[in-house]
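Here the structure is laid out as structure tokens; the discussion comes afterwards.
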Amino acid sequence: MIISPSVLSCDFGNIERDTKMLDASQADWLHVDIMDGVFVPNISFGFPVLEAIRKSSAKILDVHLMIANPDQYLEAFKKSGADYLTVHYEACTHLNRTIAKIKELGMKAGVALNPHTPISVLEEIIPMLDLVLLMSVNPGFGGQSFIPATINKVKKLKELIDSTQSNVIIEVDGGVNLLTGKQLADAGANALVAGNFVFNSANPAQTIADLKAL
């Protein structure tokens with residue numbers, strides 16, 4: 001299981017400290033949520049913070065764009081240190097072109113789906129992808145409750161990946177804890193994003209290790 005703690009839930013006054021804590025933990029990736037206040041009703045952070053995280057960590061940066069018109073920023077995210085770059089299906093008019101550009105820039109390409117968006121929209125593009133991120137809450141804010149229908153959605157996505165013999169990581173973000181994480185792992189998820197569950201715990205590094213063991 002790939003564990004990708006969300007730095008959106010860290011202490012922003014001590015972001016270097018928390019990034020280094022994650023870097024020393026069993027976390028595989030660092031999940032960085034970029035929000036623009038347009039695609040989602042919240043604003044997080046941009047290139048300077050991403051660059052600072054890159055300098056403080058040797059981990060893979062798993063960058064999730066919750067922004068409108070992501071195409072105009074793809075090169076900038078590459079320069080800022082993104083390894084995986086995930087765009088929302090709902091934000092991309094020409095998704096094939098966007099994915100092709102991400103790969104051309106040398107990053108791994110992911111597509112995120114909001115809770116209401118069906119798996120079927122990926123049928124034509126799944127062979128191009130490295131990752132699919134299923135949102136198990138409505139994007140924009142941390143700390144929301146897990147949407148149980150996501151478990152069946154993971155199963156449907158795994159069926160699509162298997163039927164097309166694609167090599168795609170199934171990542172889930174939102175309301176992940178040891179209970180929901182186990183259910184998602186059993187359904188076929190390969191990667192879990194956890195924010196509040198990690199950073200609000202008494203021992204974040206141990207919580208990451210517990211998730212890693214699912």
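The values are calculated or read from the model by the stated rules, or taken from the named source; none is laboratory data. Keep in mind that this is a model prediction, so the values were computed, not measured. Heads up, the Cβs are rebuilt from the backbone with ideal geometry, glycines too, and the neighbour counts pull from every protein chain shown.
Structure values in brief
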{"item": "Tally of residues being farther than 13 Å from Glu90 by Cα and surrounded by fewer than 20 Cβ atoms within 10 Å (Cβ to Cβ) across region 105-125", "result": "7"}
{"item": "Residues of region 103-124 satisfying the condition of being within 14 Å of the chain's Cα centre (by Cα) and either in a helix (DSSP H, G or I) or charged (D, E, K, R) (or both)", "result": "Lys108"}
{"item": "Residue in region 165-180 that is nearest to the chain's Cα centre (by Cα), counting only those that are over 18 Å from His64 (Cα atoms) and in contact (Cβ under 8 Å) with a residue 40 or more places away in the chain", "result": "Thr180"}
{"item": "Test for Leu133: is it surrounded by 23 or more Cβ atoms within 10 Å (Cβ to Cβ), of a type outside the set (Phe, Trp, Tyr) and in contact with a helix residue (DSSP H, G or I) (Cβ under 6 Å, 6 or more places away or on another chain)", "result": "no"}
{"item": "All positions within region 110-143 that are among the small types (Gly, Ala, Ser) and at pLDDT 95 or above", "result": "Gly110, Ala112, Ser120, Ser136"}
{"item": "Hits in region 144-199 (condition: modelled with pLDDT under 95, surrounded by fewer than 17 Cβ atoms within 10 Å (Cβ to Cβ) and either in contact with a Ser or Thr (Cβ under 8 Å, 6 or more places away or on another chain) or charged (D, E, K, R) (or both))", "result": "Asn196"}
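Condition check ((1) of a type in the set (Gly, Ala, Ser); (2) within 17 Å of Val63 (Cβ to Cβ); (3) surrounded by 15 or more Cβ atoms within 10 Å (Cβ to Cβ); (4) at pLDDT below 95) across all residues:
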| site | (1), (2), (3), (4) |
| --- | --- |
| Ser9 | yes, yes, yes, yes |
| Gly13 | yes, no, no, yes |
| Leu22 | no, yes, yes, no |
| Ser25 | yes, no, yes, no |
| Trp29 | no, yes, yes, no |
| Asp33 | no, yes, yes, no |
| Gly37 | yes, no, no, yes |
| Phe45 | no, yes, yes, yes |
| Glu51 | no, yes, no, no |
